[in-house]
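Q: So that we are looking at the same thing, I have put the structure below in structure tokens.
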Amino acid sequence: RAMNFARYFKISSYCLISTGFVSVAATRRIHPVWIILFAAIFVASWRMDTVRLRQRIPSWILNCIALAYVPFFVWDARLLSRSFVFAAIHLLIFASAIKLLTLSKDRDYLQLYLISLAEILAASMLTVNMVFGICLLAFITSGTSTLVLFEMRRSNAKMPGATKAQPLVRGAGIQETELELFSPFPAGPFFLSTVGMTLLILAAAVPLFLI
């Protein structure tokens, strides 16, 4: 079936989120239990309705979970990992997992993007290998795509009368979803343009970095 905007945005966002985690997992310094648990939550988040789950969970429960992690972080830094860096990475993984399960608003997406960036930076301090290079390239590509899509999504939501009839509406299934303007979504051309933008970014950034 044809790719719609919502699905492409979700795929691009999850690719961006996964690159940060894979980069730190590839350092081989993260315990397998953390990797398995996050991978399970990542898959579950993709399949479940996180918006409905977030509506059912009171905010005070999430606040209690966050406060409960503080003593664990101290214990992790002093006794379990014996490293502030690895304890901070565990904190990032934990925060990312919670956000994935309660993903509902634009700020949740932005926070996950920032967590992924922090994981990339942490991985760059721990290792420099081929896997990290691939993750970094995937992060730049998916990041370029995701930020463009995120701005399109936010701009369309703010557009006056965005949920009204649009000239590109295709079918009644997407009406009043704030995504009528992007249906059908040109996934193929957009992906090629994203790759082109990524190559231009690298062509400008690498020489500047060397200089």
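The values are calculated or read from the model by the stated rules, or taken from the named source; none is laboratory data. Please read all numbers here as calculations on a predicted model, not as lab measurements. Note that each Cβ is placed from the backbone with ideal geometry, even for glycine, and that neighbours are counted across all protein chains shown. Each accessible area value is taken on the protein alone, full model and side chains, heavy atoms only, with ligands, DNA and RNA left out. Shrake-Rupley method; radii C 1.70, N 1.55, O 1.52, S 1.80 Å.
Q: From the list Arg7, Arg29, pick out the single residue that is in a helix (DSSP H, G or I) and at pLDDT below 90. It would help to see each step written out before you state the result.
A: Working: Arg29 fails: in a helix (DSSP H, G or I).
Of the residues listed, the single one that is in a helix (DSSP H, G or I) and at pLDDT below 90 is Arg7.
Q: Moving on. Given the criterion open to solvent by 40 Å² or more (accessible area, probe 1.4 Å), part of a helix (DSSP H, G or I) and either over 15 Å from Ala122 (Cβ atoms) or in contact with a Pro (Cβ under 9 Å, 6 or more places away or on another chain) (or both), identify the matching residue among Ala97, Ala44, Ala68.
A: Criteria check complete, one pass: Ala68.
Q: Would you mind stating whether Phe5 is over 26 Å from Ala187 (Cβ atoms) and either open to solvent by 60 Å² or more (accessible area, probe 1.4 Å) or touching a residue at least 24 places away in the same chain (Cβ under 8 Å) (or both)? Steps first, answer last, please.
A: On the way: over 26 Å from Ala187 (Cβ atoms): no; either open to solvent by 60 Å² or more (accessible area, probe 1.4 Å) or touching a residue at least 24 places away in the same chain (Cβ under 8 Å) (or both): yes.
The answer is no for Phe5.
Q: Out of Ser59, Ser104, I need the residue that is of a type in the set (Ser, Thr, Tyr) and surrounded by 14 or more Cβ atoms within 10 Å (Cβ to Cβ). Which one? Explain how you work it out, then say what you get.
A: Details: Ser59 fails: surrounded by 14 or more Cβ atoms within 10 Å (Cβ to Cβ).
Exactly one of Ser59, Ser104 is of a type in the set (Ser, Thr, Tyr) and surrounded by 14 or more Cβ atoms within 10 Å (Cβ to Cβ), namely Ser104.
Q: List every residue pair whose Cβ atoms lie under 9 Å apart, where the two residues are 6 or more positions apart in sequence or sit on different chains, the first residue falls within region 197-208 and is in contact (Cβ under 8 Å) with a residue 24 or more places away in the chain, and the second residue, located anywhere, is among the small types (Gly, Ala, Ser).
A: What qualifies is Met197/Ser145; Thr198/Gly143; Thr198/Ser145.
Q: Let me ask something else about it. Give me the pairs, please: first residue somewhere in region 43-69 and closer than 22 Å to Tyr14 by Cβ and polar (S, T, N, Q), second residue anywhere and assigned to a helix (DSSP H, G or I) and at pLDDT 90 or above, beta-carbon distance under 8 Å, and either six or more positions apart or on two chains.
A: Ser45/Leu100; Ser45/Leu101; Thr50/Leu100; Thr50/Leu101
Q: Taking region 71-93 on its own, how many of its residues are of a type in the set (Phe, Trp, Tyr), buried (at least 16 other Cβ atoms within 10 Å of the Cβ) and touching a helix residue (DSSP H, G or I) at 6+ places or on another chain (Cβ under 6 Å)?
A: Pass one, region 71-93, residues of a type in the set (Phe, Trp, Tyr): 72-73, 75, 84, 86.
Imposing the further condition that a residue be buried (at least 16 other Cβ atoms within 10 Å of the Cβ) reduces the set to 73, 86.
Narrowing further to those that are touching a helix residue (DSSP H, G or I) at 6+ places or on another chain (Cβ under 6 Å): 73.
Count: 1.
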